[in-house]
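A short worksheet on the structure shown next.
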Amino acid sequence: MSDRWDAVVVGAGPAGAATALLLARAGAEVLLLDRARFPRHKPCSEYLSPGTTAILKRLGGGVLDAVERASHAKVYGMKVVAPDGAAMSGRFAGAYSYALPRATFDTILVRAAERAGAVVREGVTVADLVWDGAAVAGVVTRSGNGQRVTCHARIVVGADGLRSVVARRLGLVRSSAPRRLAFTAHVGDVGGVDGLGELHVGDLGYVGLGPVGGGVTTVALVLPLRAVRASGRDYRGGTGFCAELERFPGLAGRFDPRRLVRDVLVTGPFAQWSRQAAADGVLLVGDAADFFDPFTGQGIYAALRGAELAAECLIPGLVSGIPGGRGPLPATALAPYLRARRRAFTGKWLLERLIGVGVGSPALTNRVVRRLARRPDLADLLVGATGNIVPARRVLAPSLLAQLLW
Ligand SMILES: Cc1cc2nc3c(=O)[nH]c(=O)nc-3n(C[C@H](O)[C@H](O)[C@H](O)COP(=O)(O)OP(=O)(O)OC[C@H]3O[C@@H](n4cnc5c(N)ncnc54)[C@H](O)[C@@H]3O)c2cc1C
């Protein structure tokens, strides 16, 4: 069996659903595929950085109203606790972030893409790419009953997350230290949770937690891959998971393993990216293009902003016709997407790498957190930059970086 589309979008997480929504609304024939069926869970701390709200508004289609109507929490800033117990907190000046289960949020986006005109197929796994010479010209899918379908497209959008099969088939995937894994859970009745997200850094790894509405707290335990292997412990059971949380001074006594309201999900290792986010007939967006580390909580923002940049670049070629006629869009037509990504994300990439590597050093984390505890102005600025409401370059100025250390 075979069918033909302007765009096939692989993966219906935030990156894929938003790209499909924007392309379909502009008049393109779009097929959106996901191996999961929605609602589905996704290992995540489930906080939408405050900069995300403006994108949800721009997406339209009732997305922001649906988030507002869903059970959610509001987060007004971040608290960071260092390995030596020092603590700092920063506020999102005049803003807040929504926090809600990914099962709910991602389903809102998928249904909005469908309403915009995208055809959505769930429970369908993309197994391979279809080639036309050196250009990608479609995908081969496999569904639960073993049926294989070839879907031809002028553009394949790889939005299939951290383990992107699209990026892997292109041979573009690279990885680096720190190789961390995450275990995420939903826990009820966690003590001391207020309107701030919390990040607790330990000698080995860190924990991020925050409310997601309905009295539930999402908890992400992030550990180096080598530490998980060396320990031989099973963090996927409630008891092992909660026992590990007790090692963090600010978390001891706050979790009851009997109050886990969902299985512990595992994902990683991270620090993986694609050497090039576009090639003939194919473009990568969201985690499929790059995902370094979850500490700064910017992944959903990057997925949605990346979708906007991808759609801006693709719409003229798909809807108004031209580059490549009816064939795959050539890489030259996708170059504006690469340039736009660099402009939009270079500061974010640097910031998340500095922070992601920095939290691997307990001495450095102790020093910076103590410094920020004495300088609430700097703490607000840094938290605003990770929340995508302050340009990252303001924090990356050498004079400011020096103030964080001395
Ligand atoms: C522990 C942890 C905590 C995090 N916390 C936050 C946070 O608080 N805030 C934040 O903004 N970001 C956070 N992130 C990052 C965020 O989860 C990701 O950046 C975001 O989900 C990226 O969206 P995406 O659409 O690119 O990929 P995903 O959300 O991963 O979606 C990819 C989709 O592709 C589908 N798929 C995969 N392979 C195939 C295939 N072969 N065929 C068909 N479908 C396929 C999957 O089923 C999935 O639905 C966190 C990440 C982790 C690991």
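The values are calculated or read from the model by the stated rules, or taken from the named source; none is laboratory data. What you see is a predicted model, and the numbers here were worked out from it, not measured in a lab. Neighbour counts run over all protein chains shown; Cβ positions are idealised from the backbone, glycine included. Just so you know, the surface numbers come from the protein's heavy atoms only, side chains and all, with ligands and any DNA or RNA stripped out. Shrake-Rupley method; radii C 1.70, N 1.55, O 1.52, S 1.80 Å.
Share of carbon and sulfur in the accessible area of the range 266-355 stands at 59%, probe radius 1.4 Å. Taking 37 °C and 0.692 mPa s as conditions, the range 133-207 diffuses translationally at an estimated 189 µm²/s according to Stokes-Einstein applied to its Kirkwood radius (Cα pairs).
Averaging the Cα positions of each part gives two centres, and for the range 172-223 and the range 332-392 these lie 18 Å apart.
Restricting the trypsin sites (Lys or Arg not before Pro) of the range 180-275 to loop positions (DSSP other than H, G, I, E, B) with no more than 12 neighbouring Cβ atoms within 10 Å leaves R275. Take the chain with all the other protein chains still there, run a 1.4 Å probe, and you get 40 Å² of accessible area per residue.
Quick one: pull the percent of accessible area on the range 129-187 belonging to carbon and sulfur, 1.4 Å probe, ligands and nucleic acids left out.
Working: 1090 of 2220 Å².
Taking all protein chains in place, the range 129-187 shows 49 percent carbon and sulfur surface.
The heavy atoms of T332 present about 110 square angstrom of accessible area, all protein chains included, probe 1.4 Å.
With one equal scatterer per alpha carbon and no solvent term, the Debye-computed log10 I(q)/I(0) for the range 257-309 at 0.18, 0.20 1/Å reads -0.70, -0.80. In terms of accessible area, using a 1.4 Å probe and ignoring ligands and nucleic acids, D280, D160, D203, D377 rank largest first as D203, D377, D280, D160.
Starting from the Kirkwood Rh over alpha-carbon pairs, what translational D in µm² s⁻¹ does the range 284-406 have by Stokes-Einstein at 4 °C and 1.567 mPa s? Rounded to a whole number, D works out at 79 µm²/s. If only the Cβ of Lys and Arg carry +1 and only the Cβ of Asp and Glu carry -1, the dipole of the range 243-377 around its Cα centre is close to 560 debye. The calculated pair-distance distribution of the chain uses every alpha carbon pair, bins of 10 angstrom beginning at 0, and gives 5, 23, 32, 25, 12, 3, 0 percent.
Pairs of Cα atoms under 8 Å, at least six residues apart: use those to get the relative contact order of the range 91-149, whole percent. Each step should come with its number before you reach the end.
Numbers: 40 pairs, mean separation 11.8, N = 59.
Averaging sequence separation for qualifying contacts and normalising by length gives 20 percent for the range 91-149.
Coordinate range of the alpha-carbon atoms in the range 111-236 per principal axis, descending: 55, 39, 28 Å.
For H41, H152, H186, what's the largest-to-smallest order of accessible area, 1.4 Å probe? Show your work: numbers first, answer last.
On the way: H41 100, H152 45, H186 15 Å².
Reading off the accessible areas and sorting them downward yields H41, H152, H186.
The alpha carbon convex hull volume per residue for the range 12-154 rounds to 162 Å³.
What is the Å³ per residue value for the convex hull set by the Cα atoms of the range 307-364? Intermediate results must be reported in sequence, preceding the final value.
Details: hull volume 4.9 nm³, N = 58.
So the per-residue hull volume is 84 Å³.
Counting only alpha carbon atoms, the long axis of helix 299-319 and the longest principal axis of the chain meet at about 20°.
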